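Accompanying notes for the structure given below.
The values are calculated or read from the model by the stated rules, or taken from the named source; none is laboratory data. Since we're looking at a predicted model, the values are computed, not measured. No Cβ is skipped: glycine too gets one built from the backbone with ideal geometry, and neighbour counts run over all protein chains shown. The accessibility values were calculated without ligands, DNA or RNA, using every heavy atom of the protein model including side chains. Shrake-Rupley method; radii C 1.70, N 1.55, O 1.52, S 1.80 Å.
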Amino acid sequence: MADQIQAGSLGGAKARRLAYIDWMRGLACVLMFQAHCYSAWLNPDARKSEFYRWSQAAATLPAPLFIFLAGISSAMVTQRLREKGIARNAIARTTILRGAEIFGLGFLFRGQEYLLGYPKSPWTDLLRVDVLNILGVSMMLLGVLCWLTAAETAEKSRERAIGWGLAVAAVVAVVTPWLWTTYRPRWLPWPLESYINGVHIYAQPQPWLFPIFPWIAFAFVGLALGFLLFSGFAKKSEAWFFAAVGGAGAIACGLSQLLDGAPVRLYSAAIYDYWHTSPEFFLMRCGILLALLFLVYAWCRWGLALKGFSPIIQLGTTSLLVYWVHIEFVYGRFSILPKGRCSILKATAGLLIIFLAMVALSVLRTRWKKRPAKVLQAGPAPAAVTVESG
């Protein structure tokens, strides 16, 4: 949701190369809309249907997508600043402060939801670990890793970041089952422990929350892939590079199943949970993300994604805004449909209204952002701004 690479503002081949980032982020928005709408509005009978089961399966994708794409975007921004000769401290300050901003917005969002839901909302919701919180934490940690791996050249820094990014992701995935069970940091106050394993106010960690373990691992995988986009092979043979990414995704999915069925296990049966905390499931989701990235790239390069106006790309350029706004019209006090009392057909009609309204809001936001630029263009040329003065 943050540090977006907005392809719409670029031209020609460069726009085509970057459109897949916004398209993929927009796809995450659409999947998020359907997940929230059907979860909030469907009646008990509709929730027993196969349709709802598939809807909730698709609902597992938006959060990993947003965090993964934040990693890719962070790598792109960092590498371009490095190539311009910007000092590593300045780059780290920029990326870490942006992460801190998103982290703060997470608390602001929870505060808004608490006030709009008062007096029914419990005060503990103010400290709930949600996706914006973990996005902010992820971006700050990505900034720290890029600062630590900075070297004398941009190329060497890039190579270091790829290796360490994958290593951190692997470590996070491996230790997650233990931090959720055997080695829970129970000595921490619950608001702090919740950032480790999502325990919140409950006796056990909750899989519907977004703690550091395992969620930040998606950001570090995205960071490694984002830096790989600047490799010589990716620049010279971009299509083949993305085909290889898709192939790696398919291999990761197969390896996940193979490891899950292996007779030798790293974890005891008491703590192994494939569908929530296991490294095998993390590997499966990474494989799906990589395969999806290849398909989205192909759609943007050879398909119809860039033919005329793309509502998906439009949503991707303002994903934070539409995330923030749509929640209140689905789950909140201003829900456009009665919660828990709708048929699949009625909820789908509501989903369509939410989608169209969010696209319209996104377009208005984009046009509003362009107004100051037009005013500046009409006035005298501004003086050049140096890195030191900025």
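So which trypsin sites (Lys or Arg not before Pro) in segment 63-139 are both in a DSSP loop and have at most 14 other Cβ atoms within 10 Å of their Cβ? Could the numbers behind the result be given before it?
Values: sites: ARG80, ARG82, LYS84, ARG88, ARG93, ARG98, ARG110, LYS120, ARG128; in loops: LYS84, LYS120, ARG128.
Counting only loop positions with at most 14 other Cβ atoms within 10 Å, the trypsin sites (Lys or Arg not before Pro) in segment 63-139 are LYS84, LYS120.
Which three semi-axes in whole Å describe the equivalent ellipsoid of segment 73-133, each the square root of 5 times a Cα gyration tensor eigenvalue, listed largest first? If you can, show how the numbers build up before the last one.
On the way: eigenvalues 256, 15, 11 Å².
The equivalent ellipsoid of segment 73-133 has semi-axes of 36, 9, 7 Å.
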_Solvent-accessible area of TYR323, probe 1.4 Å, all protein chains present, reported in Å² to the nearest ten, please._
10 Å²
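Quick one: pull the percent of accessible area on the chain belonging to carbon and sulfur, 1.4 Å probe, ligands and nucleic acids left out.
C and S fraction of accessible area: 68 percent.
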*Have a look at ALA252, ALA154, ALA262 and tell me which one the Gaussian network model of the chain (Cα, springs below 10 Å) gives the largest fluctuation.*
ALA262
*GNM on the chain, C-alpha springs below 10 Å: top fluctuator among GLY85, GLY143, GLY165?*
GLY85
*Can you check what the Kirkwood hydrodynamic radius comes to for segment 170-324, Cα pairs only, in Å to one decimal?*
17.9 Å
*Cα centroids of segment 288-322 and segment 131-184: how far apart, whole angstrom?*
26 Å
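Per residue, how large is the accessible surface of segment 64-171? Use a 1.4 angstrom probe and give square angstrom. Walk me through the numbers before you get to the answer.
On the way: 4720 Å² over 108 residues.
It amounts to 44 Å² per residue over segment 64-171.
With a ≥ b ≥ c taken as the square roots of the eigenvalues of the C-alpha gyration tensor of segment 95-184, please select rounded if a/c is under 1.5 and otherwise prolate if a/b is larger than b/c or oblate if it is not? Display every interim value, and only then the final one.
Details: a/c = 4.99, a/b = 1.73, b/c = 2.88.
Taking the square roots of the gyration eigenvalues as a ≥ b ≥ c, segment 95-184 is oblate.
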*At 222 nm, what helix-only mean residue ellipticity would the chain give, in deg cm²/dmol to the nearest 500, using -39500 (n - 2.57) for each DSSP H run of four or more?*
-23500 deg cm²/dmol
*Which of PRO205, PRO177, PRO189 moves most in a GNM of the chain, Cα contacts under 10 Å?*
PRO189
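When the solvent-accessible surface of protein heavy atoms is calculated with a 1.4 angstrom probe, in what order do GLU113, GLU83 fall, highest first?
On the way: GLU113 35, GLU83 105 Å².
Result, largest first: GLU83, GLU113.
Under the Kirkwood approximation for Rh and a Cα-based Rg, what ratio Rg/Rh is obtained for segment 171-250? Mind dumping the intermediate values first?
Numbers: Rg = 17.7 Å, Rh = 14.7 Å.
My calculation of the ratio gives 1.20.
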_segment 349-370 and segment 78-128: distance between their alpha carbon centers, rounded to Å_ = 23 Å
*How are the Cα pair distances of segment 239-354 distributed, in percent, across 5 Å bins from 0?*
2, 9, 12, 11, 11, 14, 15, 13, 9, 3, 0
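Want the number for ARG265 to ALA87: 0.36 nm per residue separation, take away the alpha-carbon distance, what's left? Intermediate results must be reported in sequence, preceding the final value.
Numbers: separation 178, 0.36 × 178 = 64.08 nm, distance 4.52 nm.
In short, 59.6 nm is gained.
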*How large are Rg and Dmax for segment 15-71 when only the alpha carbon atoms are used, in Å?*
13.7, 46
*Summing Lys, Arg as +1 and Asp, Glu as -1, what charge do residues with Cβ under 13 Å from the Cβ of THR318 carry, THR318 excluded?*
+4
_Computed lengthening from LEU345 to SER237, 0.36 nm per intervening residue step minus Cα-Cα distance_ = 34.3 nm
